[in-house]
Amino acid sequence: MLSGSQKPNIHQFHIGLSTGSIFSLVFLFFLLVPPAYSQPSSQAVAKVNGMPIYRSDISCAVEASLVRMGPERRASLQGGKIPVPDNDRMLRRLIDIELLYQEGLKQSSPGLDEEVERRFRKELARIGGKERLADALSCIDMNIQDLKKSIFRDLVINRYLNKVIYSKIHVSSEEIKSYYNANLKMYPLSRAAHVNQIFIRVKAWKNKSEVRSALAKARVIQNEASKGTDFSSLARKYSQDPAAGSTAGDMGLVQERNLHTPIARVIFSLPEGGVSPPIETRGGFRIFKVVSYRPSSFRSLNDVRDDIVAKLRREKAGEMISKLVNVLRSKARIEILKK
């Protein structure tokens, strides 16, 4: 267990734990940071129906949001490509969460304590025991009891939102189809080409004489193919691929996403009927010929239906929650104190 003087920076600890483990802890804290976690000496910056939100709550939520971004987005933030998390916006977020929590407490929620314990044990198993969990929590100024409170808040809010928002969201077939048609370019199929190949084996790359001989042979074959000699006949005659005798080097329809990038770059730069120069690959040299390209196409509606439904549900939920929070704000006693 780390002592107070040894407490690591949250970004450093993020590297030492599995992404899923620390992410789930940070996610809980970021969304559901309860005011009770703050030190008594921390300055209150707002009150929601008498419940204080402290300056340290905002700082912790901003810190957690940075971890949640991941290293690439943090690099973009440092480079000025994305905005730094804003304290005022984070305070509004915490006020909204507190409003939802307070409203959720008014609802009947049987089995809540049992569900809190079940989720806590799941988190415990995910991170690898109480000691590792306590160390992870210490990075965000939490202890095990704080985590259980956070899980409790999470469940209260989610059960409330399930009742008043999520259970009432319906996405119609017409909406799905309309979104698909309007955003078709978001769902392209991977480029594909009908490709033939000839393979010339190199048994030992350290044997420079063998490599030069194999490359020279491959260049002669490429030259013949480029002059119009039937590629399938050349494959049957020269290719050292064991299947060449039966397939004549026919690879069938090849998708760009399934190829190693250097090979994909060569193949998909060729015109239809084009023949590549010998390409060094694992095991030897390969010569490719593009027979034809598959016409540009898109994934079917059935293939992307679930993704579209999830996106539309998120959008609708966001709008409905925003309206709900506005109503709760209009009825609440919210005090913004000196910052």
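Just a few scattered comments:
- For Ser138, the test of being in contact with a strand residue (DSSP E or B) (Cβ under 9 Å, 6 or more places away or on another chain) and at pLDDT below 95 is failed.
- Matching residues, region 280-309, being surrounded by fewer than 11 Cβ atoms within 10 Å (Cβ to Cβ) and within 24 Å of Pro188 (Cβ to Cβ): Pro295, Ser296, Asn302, Asp306
So that you can scan it fast, the table gives a plain yes or no per residue for (1) buried (at least 18 other Cβ atoms within 10 Å of the Cβ); (2) over 12 Å from Ile198 (Cα atoms); (3) within 44 Å of the chain's Cα centre (by Cα):
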{"site": "Arg212", "(1), (2), (3)": "no, yes, no"}
{"site": "Lys217", "(1), (2), (3)": "no, no, no"}
{"site": "Gln222", "(1), (2), (3)": "yes, no, yes"}
{"site": "Lys227", "(1), (2), (3)": "no, yes, no"}
{"site": "Ser233", "(1), (2), (3)": "no, no, no"}
{"site": "Ser239", "(1), (2), (3)": "yes, no, yes"}
{"site": "Pro242", "(1), (2), (3)": "no, no, yes"}
{"site": "Thr247", "(1), (2), (3)": "no, no, yes"}
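Residues are listed down the side, and each one gets a yes or a no for (1) modelled with pLDDT under 90; (2) outside any helix (DSSP H, G or I); (3) hydroxyl-bearing (Ser, Thr, Tyr); (4) touching a Pro at 6+ places or on another chain (Cβ under 8 Å):
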{"site": "Pro83", "(1), (2), (3), (4)": "yes, yes, no, no"}
{"site": "Glu103", "(1), (2), (3), (4)": "no, no, no, no"}
{"site": "Glu115", "(1), (2), (3), (4)": "no, no, no, no"}
{"site": "Glu131", "(1), (2), (3), (4)": "yes, no, no, no"}
{"site": "Ser150", "(1), (2), (3), (4)": "yes, no, yes, yes"}
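- Identity of the residue in region 156-210, of a type in the set (D, E, K, R) and closer than 30 Å to Val275 by Cα, that ends up nearest to the chain's Cα centre (by Cα): Arg191
- The residue pairs whose first member lies in region 280-303 and is not assigned by TED's automatic domain parsing to the domain that holds Glu256 and in a strand (DSSP E or B), whose second member is modelled with pLDDT under 90 and among the hydroxyl-bearing types (Ser, Thr, Tyr), and whose beta carbons are closer than 7 Å, counting only pairs six or more residues apart or on different chains, are Phe298/Tyr187.
Here is a yes/no grid of residues against (1) among the basic types (Lys, Arg); (2) assigned to a loop (DSSP other than H, G, I, E, B):
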| site | (1), (2) |
| --- | --- |
| Tyr179 | no, no |
| Phe199 | no, no |
| Trp205 | no, yes |
| Lys217 | yes, no |
| Glu224 | no, no |
| Ser233 | no, no |
| Gln240 | no, yes |
| Met251 | no, no |
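- The single condition from (1) assigned to a loop (DSSP other than H, G, I, E, B); (2) in contact (Cβ under 8 Å) with a residue 40 or more places away in the chain; (3) closer than 30 Å to Asn181 by Cα that Pro277 fails is (3).
- Hits in region 316-339 - residues which are modelled with pLDDT of 95 or more and either in a loop (DSSP other than H, G, I, E, B) or within 19 Å of the chain's Cα centre (by Cα) (or both): Ala332, Arg333
- Test: residue in region 139-153 that is within 30 Å of Arg257 (Cβ to Cβ), of a type in the set (D, E, K, R) and touching a Phe, Trp or Tyr at 6+ places or on another chain (Cβ under 7 Å): no
- Of all residues in region 197-210, those that are surrounded by fewer than 17 Cβ atoms within 10 Å (Cβ to Cβ) and either of a type in the set (S, T, N, Q) or touching a residue at least 60 places away in the same chain (Cβ under 8 Å) (or both) total 3.
- Qualifying positions in region 43-60 - closer than 18 Å to Ser150 by Cα, in a helix (DSSP H, G or I), modelled with pLDDT of 75 or more and not β-branched (Val, Ile, Thr): Ser56, Asp57, Ser59
- Any hit, region 273-280, residues being among the β-branched types (Val, Ile, Thr) and either under 30 Å from Arg159 (Cβ atoms) or within 35 Å of the chain's Cα centre (by Cα) (or both): yes
The values are calculated or read from the model by the stated rules, or taken from the named source; none is laboratory data. Please read these numbers as outputs of a predicted model, since none were measured by experiment. Don't worry about glycine lacking a Cβ; one is built from the backbone with ideal geometry, like all the others, and counts go over all protein chains shown.
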